[in-house]
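> Starting off with a structure, shown below.
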Amino acid sequence: ASSFARTSVRRIRVDPADANLVLAATTRGGYGRDSRIGAPGAPAFGVQKSIDGGVSWVRTLTGQATALEIDATNFNNQYAAIGDEFDGMPGEAPGRVADGVYRSVDGGDSWSPVAGPWNSASSPGIGRLELAMSRSSPSVVYASIDAAPDSGTAGDLMGLYRTDNAWDLS
């Protein structure tokens, strides 16, 4: 589909109660020898949502989506990671959100940033992010965050974070 041109799909999540509800986390894809540099255009990176089983897609979160986790007991509760190790490269989508962890409580229709130590003024800047959510206890969520390449500590693990209360999700 044209919604995924020049992108890599990092995660696909399907609502266990409704196979028509699908989310995909997309990020910069490989496009030849210059795959680590900006794309020739502005692909629709981010979180894409389909309500018709993947026939059509709408982007609901803009940025390099490196992870997407869904609460197995409630599809409305979701987390996405936006982290671009090549911030500011040509081909970035205009209007992209800041790197970080995002939460949706409406099935991926809208997203809000999750405050955490990765947002602090002393943070070296966010690079790649990964998320994991416990299937048996969805309030347990992990975030692994690398420092941004231009931070002086490129590739270093900035932190491995855990919450037992879904970062105060009510």
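> Among the residues of the stretch 18-38, are any among the hydrophobic types (A, V, I, L, M, F, W, C), open to solvent by 60 Å² or more (accessible area, probe 1.4 Å) and at pLDDT 90 or above? Let's see the steps before the verdict.
To start, the set of residues in the stretch 18-38 that are among the hydrophobic types (A, V, I, L, M, F, W, C) comprises 19, 21-25, 37.
Add one more test, that the residue is open to solvent by 60 Å² or more (accessible area, probe 1.4 Å), and what stays is 19, 37.
Cutting the leftovers down to at pLDDT 90 or above gives us 19.
Taking every residue of the stretch 18-38 in turn, at least one turns out to be among the hydrophobic types (A, V, I, L, M, F, W, C), open to solvent by 60 Å² or more (accessible area, probe 1.4 Å) and at pLDDT 90 or above.
> Within the stretch 106-113, does at least one residue satisfy the condition of being buried (at least 23 other Cβ atoms within 10 Å of the Cβ), modelled with pLDDT under 95 and under 25 Å from Gly159 (Cα atoms)?
No, there is no match, as no residue in the stretch 106-113 is buried (at least 23 other Cβ atoms within 10 Å of the Cβ), modelled with pLDDT under 95 and under 25 Å from Gly159 (Cα atoms).
The values are calculated or read from the model by the stated rules, or taken from the named source; none is laboratory data. Note that this is a predicted model, so its numbers are computed, not measured. Here Cβ is always computed from backbone atoms with ideal geometry, including for glycine, and neighbour counts include all displayed protein chains. With ligands, DNA and RNA removed, areas are computed over all heavy atoms of the protein, side chains included. Shrake-Rupley method; radii C 1.70, N 1.55, O 1.52, S 1.80 Å.
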